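The structure under discussion appears below in the form of structure tokens.
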Amino acid sequence: MAAPKTTAPAEPAKCPTCKGTGEVSRTVHVGRKRRAVGKQTGICLTCLGSGEATD
């Protein structure tokens with residue numbers, strides 16, 4: 001009897017918002033004129049930091 005073939009499990013789809021990293025960057029604005037001064041990294045709210053697409 002032949003052994004059954006085993007295939008590697010399919011890799012889950014990546015989150016389209018963070019592209020699988022789990023983090024997103026947002027521009028930080030300050031002052032009355034809302035001048036952009038830099039970027040701040042935070043957790044992706046779409047996938048909650050897992051990097052996997054949700055259904």
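The values are calculated or read from the model by the stated rules, or taken from the named source; none is laboratory data. What you see is a predicted model, and the numbers here were worked out from it, not measured in a lab. Note that each Cβ is placed from the backbone with ideal geometry, even for glycine, and that neighbours are counted across all protein chains shown. Just so you know, the surface numbers come from the protein's heavy atoms only, side chains and all, with ligands and any DNA or RNA stripped out. Shrake-Rupley method; radii C 1.70, N 1.55, O 1.52, S 1.80 Å.
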What's the number of the condition Ala13 fails, among (1) on the phi > 0 side of the Ramachandran plot; (2) surrounded by 10 or more Cβ atoms within 10 Å (Cβ to Cβ)?
-> (1)
For the stretch 34-43, does any single residue satisfy the condition of being part of a loop (DSSP other than H, G, I, E, B), open to solvent by 80 Å² or more (accessible area, probe 1.4 Å) and at pLDDT 90 or above?
-> yes
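Per-residue answers, yes or no, for (1) assigned to a loop (DSSP other than H, G, I, E, B); (2) open to solvent by less than 100 Å² (accessible area, probe 1.4 Å); (3) polar (S, T, N, Q):
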{"site": "Pro4", "(1), (2), (3)": "yes, no, no"}
{"site": "Lys19", "(1), (2), (3)": "yes, no, no"}
{"site": "Val24", "(1), (2), (3)": "no, yes, no"}
{"site": "His29", "(1), (2), (3)": "no, yes, no"}
{"site": "Thr46", "(1), (2), (3)": "yes, yes, yes"}
{"site": "Gly49", "(1), (2), (3)": "yes, yes, no"}
Residue list for the stretch 6-17, restricted to those being in a loop (DSSP other than H, G, I, E, B), of a type outside the set (A, V, I, L, M) and touching an Asp or Glu at 6+ places or on another chain (Cβ under 9 Å) | Pro12, Cys15
